[in-house]
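A short worksheet on the structure shown next.
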Amino acid sequence: MPLPFLTADRAFDASAEDIALPFDDHDSWRRPYRPGPWRVAAAAGLLLLASFVLLAGMIIAFAGAVPGSAVCLGLALVVILCALRLLRVGTWVSRHGVRRVGFFTSVTVPWNRVAAIRTVQQPVKWLGFPRTVQGQALILVRQGGEPVPPLLTDNNADFLTRGEAFDRAADTVEAWGDEYRRV
């Protein structure tokens, strides 16, 4: 028995896994892929930690130690902000350019400053740790040769063990580049 509310946003037989969302508004910044399970699991773990810290803060507040509960509240807010920032990390595209959002910094490159976007085989970081493995990376070459860290890698938190999703995301970003570099 098909359930119509499960198929409201896609065809009945379409797989819900790794389908890129349509982009109607090309002026707003969009991530052309879904966050990966490793990134979502890390953010969920941080939010779970924040809930325990908030619970501890509430217990401390009922015990009468208001400064201790304020410290717990502040720590929980920092952990929640870190979880939200972790979910924002990735590559974002719009008509204006491509943006690589990191945990601490973001780099935006307008399309008219992009010389090339291509997928290359090179050593890449495994889940962002210092350990490197051989893998694929989507790199952006600026006019003037200024270096930019890889936009996507097949071993980051979004694409580890999801090679097909990496290929689709890399092709999508390359297509955005091909379309808007000419404009």
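The values are calculated or read from the model by the stated rules, or taken from the named source; none is laboratory data. On a predicted model such as this, the values are computed, not experimentally measured, just so you know. So basically every Cβ, Gly included, is an ideal-geometry build from the backbone, and we count neighbours across all protein chains shown. For the accessible areas, the whole protein counts, side chains as well, though only heavy atoms, and no ligand, DNA or RNA atoms are used. Shrake-Rupley method; radii C 1.70, N 1.55, O 1.52, S 1.80 Å.
Brief remarks on what is shown
- Pairs, first over 21 Å from Leu47 (Cβ atoms) in segment 60-80, second open to solvent by 40 Å² or more (accessible area, probe 1.4 Å), C-beta under 6 Å, six or more apart: Gly68/Ile60
- Members of segment 51-65 found to be closer than 24 Å to Cys82 by Cα, open to solvent by 50 Å² or more (accessible area, probe 1.4 Å), out of contact with any Gly (no Cβ under 7 Å at 6 or more places or on another chain) and aliphatic (A, V, I, L, M), listed by number: Leu54, Leu55, Met58, Ile59
- Complete set of residues in segment 143-183 that are small (Gly, Ala, Ser), under 15 Å from the mean Cα position of the chain (by Cα) and assigned to a loop (DSSP other than H, G, I, E, B): Ala157
- Conditions (1) touching an Asp or Glu at 6+ places or on another chain (Cβ under 9 Å); (2) in contact (Cβ under 8 Å) with a residue 24 or more places away in the chain: number failed by Gly135: (2)
- Trp126 being modelled with pLDDT under 90, of a type in the set (A, V, I, L, M, F, W, C), over 23 Å from Ala50 (Cα atoms) and in contact with a strand residue (DSSP E or B) (Cβ under 9 Å, 6 or more places away or on another chain): yes
- Each residue in segment 91-136 was checked for being part of a strand (DSSP E or B), of a type in the set (S, T, N, Q), open to solvent by 60 Å² or more (accessible area, probe 1.4 Å) and within 12 Å of Pro149 (Cβ to Cβ), and 1 pass.
- Scope segment 143-172; condition surrounded by fewer than 22 Cβ atoms within 10 Å (Cβ to Cβ) and hydrophobic (A, V, I, L, M, F, W, C); matching residues: Val148, Ala157, Leu160, Ala165
- Close Cβ contacts (under 7 Å, 6 or more residues apart or on different chains) running from residues in segment 166-183 that are modelled with pLDDT under 90 to residues that are assigned to a helix (DSSP H, G or I) comprise Gly177/Trp111; Tyr180/Trp111; Arg181/Trp111.
- Residue check for Leu87: on the phi < 0 side of the Ramachandran plot, of a type outside the set (D, E, K, R) and either at pLDDT 95 or above or touching a strand residue (DSSP E or B) at 6+ places or on another chain (Cβ under 8 Å) (or both): no
- Members of segment 35-75 found to be touching an Asp or Glu at 6+ places or on another chain (Cβ under 7 Å) and not in a helix (DSSP H, G or I), listed by number: Pro35, Gly36
- Residues of segment 117-137 satisfying the condition of being of a type in the set (A, V, I, L, M) and under 15 Å from Ala157 (Cβ atoms): Val124, Leu127, Val133, Ala137
- Flag for Leu140 being open to solvent by less than 20 Å² (accessible area, probe 1.4 Å) and either in a loop (DSSP other than H, G, I, E, B) or touching a Cys at 6+ places or on another chain (Cβ under 8 Å) (or both): no
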